Amino acid sequence: MRINRREGIIAAASGIVVIAAGVSGHLLLRKRHGATPYDDMLDLLEDRDADAQIGETVLAEEENFDPKTMADELRASIGKRPLAAVLADDVVNGRVVEAGGWVLPETLGMLCALAAKAET
């Protein structure tokens, strides 16, 4: 079976449309959150709702958590580095927090706590 050039182009274009529709559908189905002054930090999280639940547990262990101060500290410590590198650095340097029996890199714990505060 031979496919001529026109059929090949149509098939490729159809595949691209299907992939684009799948990606767009995923983005459309994501829960939308109201804008916060911390969105630059919260956009680093994969699942803001699940992370906010973890954040509630972190906040139960944290006293005097101020979202604005924490966001400023996170911006300074993360900078332009990939989040994975920052989290690895936290673990290597022993910067961790406990949340409900789980031990998390400090930056992740504080991002989750910030997500929880942003929901309230």
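The numbers here are math on the coordinates, done by the rules we state, and not lab data. What you see is a predicted model, and the numbers here were worked out from it, not measured in a lab. All Cβ positions, glycine included, derive from the backbone under ideal geometry; neighbour counts span all protein chains shown.
Here are the numbers:
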| quantity | calculated |
| --- | --- |
| Proximal charge balance of Glu73 [Cβ under 11 Å; K/R count +1, D/E count -1] | -1 |
| Footprinting exposure proxy for Leu44, Leu104 (fewest neighbouring C-beta atoms within 10 Å first) | Leu44, Leu104 |
| Nonlocal amide H pairs with Val96, under 5 Å, H built at 1.01 Å | Glu106 |
